[in-house]
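K.L.:
Quick one: the structure is below, questions incoming.
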Amino acid sequence: MTKALIIGGGIAGPVTAMALQKAGIDSVVYEAHETGADDVGAFMTIMNNGFDALHAIDADKPVLQASFPADRALFWSGSGKKLGESPIGGGSAGGGYGPHTIKRAELYRVLHEEATRRGITIEHGERLDDVDTDIEHGVAAIFADGSRQEGDLLIGADGIHSATRVLIDPEAPEPRYTGTVVLCGYARQAPVDPVQGVYRMIYGKRVFFAYTTAPDGETWWFVNLPRPELSKAELAATSLEEWKRQATALLRRDRSPAAAIVEASEQIRASNGYDIASTPRWHAGRMVVIGDAAHAAAPNAGHGASMAMEDAVVLAKCLRDLREPAAAFRAYEAQRRERVERLVATSARMGSTATPGPVKRLIRDMAISKRLKSGPRNTAAWLTQHRIDWDTKIGG
């Protein structure tokens, strides 16, 4: 049986391990962190296409049970004018699950528990440092503590700051800072009507703000703050009150509850926004990258996790049907590159950091109202109605 070394235990790692197991391929997941991973305080949306990928490997139910749905979006301008509303694509009417929201840490927990239940090994505290490719029909991962593990192939699911990507191609592009720090916050006593099942989107005078309500009545929100990139130490050292000050300074001029929601928040998690427009080399020899390690979109479109899940299942299918790694990796890239790079470009367009003046805001708001008739960019059919048929064979 082929053995895969999977580097990274965030989202793509355990999903890949489960998909490979269904394909008859053994694997071990090696996670650098002792428990979770970076940005565990944030939340995300799993779109219909992400659940479709999980469904292909019978892993959709645990994630569905740990998340909550929101299948409608309401849009306002910073002046308080309602711009329109739209269903979020891929809902139950189309035969799917529709989008569900979940905290990143909870998603990690659910995926790890499901992988472990299936007998998959996840090793923590193993940070990839180097690889040894001078092995006949195999590859070895060399970790920071000096330990070494050999396998038939190595899959880099180690995120946007991937070590695997650089080992595959030392000239690989570095992540591009998008110009915003992303804040995710939680408020139990927010001064809003706790209507569940919807996202409220506010195109403010200075920044975009969105919020939704969890089943327990807690308000979950996010905002992108235009500002210089911060180091990990600076992000960690910035206090809750300082983040509130920075966010409310940009939100107070809006006729919306955004500033009050931020003020009422008990927890705020900050992270730099990054993307990678294109990674020229996804694989070399017996190594390949998937998820954010291969193609990182800015968080604006909310499809990063779903795309990583798609990657995992498609790669497993390719390795199942094309047992020569080089051929499988080429087939995987051929099926995935155009789709994921289109998402990266879409998400980048959604994340403009420019502050429009009054006239441009008016034009923007009119354009948003018109565009809502066909739905938001990130819920278009080409994204949310994507399907993976596990039983369809991959050609040579």
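The values are calculated or read from the model by the stated rules, or taken from the named source; none is laboratory data. On a predicted model such as this, the values are computed, not experimentally measured, just so you know. Heads up, the Cβs are rebuilt from the backbone with ideal geometry, glycines too, and the neighbour counts pull from every protein chain shown. The accessibility values were calculated without ligands, DNA or RNA, using every heavy atom of the protein model including side chains. Shrake-Rupley method; radii C 1.70, N 1.55, O 1.52, S 1.80 Å.
K.L.:
Restricting attention to the stretch 48-77, report how many residues are in a loop (DSSP other than H, G, I, E, B) and modelled with pLDDT under 90. Walk me through it before giving the result.
P.N.:
Step one: of the stretch 48-77, the residues in a loop (DSSP other than H, G, I, E, B) are 57-59, 67, 70-71.
Checking which are modelled with pLDDT under 90 leaves us with 70-71.
Total satisfying the criteria: 2.
K.L.:
Just checking: which of the helices (runs of 4 or more DSSP H) contained wholly in the stretch 288-396 hold 3 or more residues that are at pLDDT below 90, over 17 Å from the mean Cα position of the chain (by Cα) and surrounded by fewer than 20 Cβ atoms within 10 Å (Cβ to Cβ)? First the steps, then the outcome.
P.N.:
Working: elements: 304-321, 325-350, 358-371, 381-384.
So the answer is 358-371.
K.L.:
Right, another one. Can you tell me which residues in the stretch 140-172 are touching a helix residue (DSSP H, G or I) at 6+ places or on another chain (Cβ under 7 Å) and part of a loop (DSSP other than H, G, I, E, B)?
P.N.:
Once the filter is applied, which keeps residues that are touching a helix residue (DSSP H, G or I) at 6+ places or on another chain (Cβ under 7 Å) and part of a loop (DSSP other than H, G, I, E, B), the stretch 140-172 yields Ala157, Asp158, Gly159, Ile160, Ser162, Ala172.
K.L.:
List pairs: first residue in the stretch 40-53 and open to solvent by less than 10 Å² (accessible area, probe 1.4 Å), second residue of a type in the set (Gly, Ala, Ser) and in a strand (DSSP E or B) anywhere in the structure, Cβ distance under 7 angstrom, at least six positions apart or on different chains.
P.N.:
Final answer for the pair search is Ala42/Ser271.
K.L.:
Scan Phe209, Phe222 and give me the residue that is within 24 Å of Ala348 (Cα to Cα), touching a residue at least 40 places away in the same chain (Cβ under 8 Å) and open to solvent by less than 20 Å² (accessible area, probe 1.4 Å). Show your work before the answer.
P.N.:
Working: Phe222 fails: open to solvent by less than 20 Å² (accessible area, probe 1.4 Å).
So the residue among Phe209, Phe222 that is within 24 Å of Ala348 (Cα to Cα), touching a residue at least 40 places away in the same chain (Cβ under 8 Å) and open to solvent by less than 20 Å² (accessible area, probe 1.4 Å) is Phe209.
K.L.:
So Ala172 passes all but one of these: (1) of a type outside the set (Val, Ile, Thr); (2) at pLDDT 95 or above; (3) more than 16 Å from His283 (Cα to Cα); (4) surrounded by 17 or more Cβ atoms within 10 Å (Cβ to Cβ). Which condition number does it fail?
P.N.:
Condition (3) is where Ala172 drops out.
K.L.:
Take the residues in the stretch 122-139 that are part of a strand (DSSP E or B) and of a type in the set (Asp, Glu), then tell me which one is surrounded by the fewest Cβ atoms within 10 Å (Cβ to Cβ).
P.N.:
Filtering first and then ranking leaves Asp134.
K.L.:
So, in the stretch 150-169, exactly how many residues are open to solvent by 40 Å² or more (accessible area, probe 1.4 Å) and among the β-branched types (Val, Ile, Thr)?
P.N.:
1
Let's see how each residue does on (1) open to solvent by less than 20 Å² (accessible area, probe 1.4 Å); (2) charged (D, E, K, R); (3) more than 20 Å from the chain's Cα centre (by Cα); (4) over 30 Å from Gly13 (Cα atoms):
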residue	(1), (2), (3), (4)
Val182	yes, no, no, no
Gly185	yes, no, no, no
Val192	no, no, yes, yes
Pro228	no, no, yes, yes
Ala247	yes, no, yes, yes
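K.L.:
Let me ask you something else. Taking Gly98 as meeting all but one of (1) part of a loop (DSSP other than H, G, I, E, B); (2) in contact (Cβ under 8 Å) with a residue 12 or more places away in the chain; (3) open to solvent by 30 Å² or more (accessible area, probe 1.4 Å); (4) not polar (S, T, N, Q), write down the number of the exception.
P.N.:
Only one criterion in (1) part of a loop (DSSP other than H, G, I, E, B); (2) in contact (Cβ under 8 Å) with a residue 12 or more places away in the chain; (3) open to solvent by 30 Å² or more (accessible area, probe 1.4 Å); (4) not polar (S, T, N, Q) is unmet by Gly98, namely (3).
K.L.:
Let me ask you something else. Restricting to the stretch 230-240, count the residues that are charged (D, E, K, R) and either closer than 19 Å to Phe209 by Cβ or buried (at least 18 other Cβ atoms within 10 Å of the Cβ) (or both). If you could, list the steps in order and put the result at the bottom.
P.N.:
Kept after step one, since they are charged (D, E, K, R), are these residues of the stretch 230-240: 232, 234.
Filter once more, keeping what is either closer than 19 Å to Phe209 by Cβ or buried (at least 18 other Cβ atoms within 10 Å of the Cβ) (or both): none.
Count: 0.
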